[in-house]
Each structure stands twice: as structure tokens, then as C-alpha cells.
Amino acid sequence: MCFIDPVRICQNCTPATLEENKFFDQQIKTLTNGATFMLENNQMILSTTDLLQCKLSPDHRHLMFDGVKLAPLDINTITALRVDKDPINGVKSVEIEYSVANSVEKNCVRLATTPELEHRKTGASWIAAMQQAVKMLDSC
């Protein structure tokens, strides 16, 4: 909760608070720094030359997409997160499904890690941190 001074919490809230502290200590920086991805459409990469930067906004409320014309995505609208893994290279891509007001169709953004080792590693770390964030949102 980012209190500056120590506060008392009940025993029932202790496990959740410790998980939140661990998340904020380890994952938030990864999410706000962002990672470089390729945008996929129907499991096909749209362009290997057009890369985008995906990161969590400074207020931790939206996913921001730099390098493509995608509107910021409100974190609270995320309905599912699916990760595809390659048995050799590890994490390959993430599909972020989200809801849009007054829409019944499935909306999603699919991000693939790039072939370059440096980007692939930061992308995999970002996806892992995003999985933790969605898990925490689901438990609230």
C-alpha cells in the first residue's frame, strides 16, 4: 500500500499484504520500464520491422503502447491473459484479452517477443510480471 510509516494489519490481511509488497518490490519496475515486442494478428506477425514498446503507465492504471496506434488499455478491463511458450526459447508471446463497453466480441492484443536475445529476455520478464499483476487483480 506504499505507506511510509509502519501500520498495523490483522492476521487475515498479512499474507495478501506480503504478496503485494513482494509484487511492488520485484515486478512493478519491470512493468513500468516496459519491453519491446512485435504485434501479432491472428497468430501471424504483422511486421518484424515495426516494433512496439509496451509498458505500464506511471499511475499503474493503463498499458501504454509506443510505436503503434493503439489506445492505452485500462488494466481493469483485462479479462484474460494467455501465454504461449516455446519449449526451446521459453516465452514466445502473450495474448491480452480485454472488454470494451457495449461490445460482445472478443478484443485482444497479442504481443510476441522479438528474435533478438536482449529483447526476448526483457519481453519474457515483462510477460512474467504481467502474469503476476493479473493474478493479483483476480484475487482482489
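Mind checking whether some residue in segment 123-133 is modelled with pLDDT under 90, on the phi < 0 side of the Ramachandran plot and open to solvent by 90 Å² or more (accessible area, probe 1.4 Å)? No, that holds for no residue.
Please indicate, with yes or no, whether at least one residue in segment 1-14 is outside any loop (DSSP other than H, G, I, E, B), at pLDDT 85 or above and not polar (S, T, N, Q). The answer is no; no qualifying residue exists.
For segment 102-120, taking the residues that are of a type in the set (A, V, I, L, M) and farther than 13 Å from L73 by Cβ, the one that is modelled with the lowest pLDDT is identified as V104. Per this entry, V109 is counted among residues that are out of contact with any His (no Cβ under 8 Å at 6 or more places or on another chain) and touching a residue at least 12 places away in the same chain (Cβ under 8 Å).
Just one of the listed residues (R82, R110) is more than 28 Å from D25 (Cβ to Cβ) and part of a strand (DSSP E or B), and it is R110. The residue that is nearest to M136 (Cα to Cα), counting only those in segment 5-18 that are open to solvent by 100 Å² or more (accessible area, probe 1.4 Å) and not hydrophobic (A, V, I, L, M, F, W, C), is N12.
Restricting attention to segment 52-85 and to residues that are acidic (D, E) and more than 16 Å from Q131 (Cβ to Cβ), the residue that is most open to solvent (accessible area, probe 1.4 Å) turns out to be D59.
Please determine whether any residue of segment 32-49 is modelled with pLDDT of 80 or more and exposed (fewer than 14 other Cβ atoms within 10 Å of the Cβ). Checked against the condition, which is being modelled with pLDDT of 80 or more and exposed (fewer than 14 other Cβ atoms within 10 Å of the Cβ), segment 32-49 yields no hits at all.
The values are calculated or read from the model by the stated rules, or taken from the named source; none is laboratory data. This one's a predicted model, so the numbers in the text were calculated from it and none came from an experiment. Please note: Cβ atoms are built from the backbone with ideal geometry, for glycine as well, and neighbour counts cover all protein chains shown. Each accessible area value is taken on the protein alone, full model and side chains, heavy atoms only, with ligands, DNA and RNA left out. Shrake-Rupley method; radii C 1.70, N 1.55, O 1.52, S 1.80 Å.
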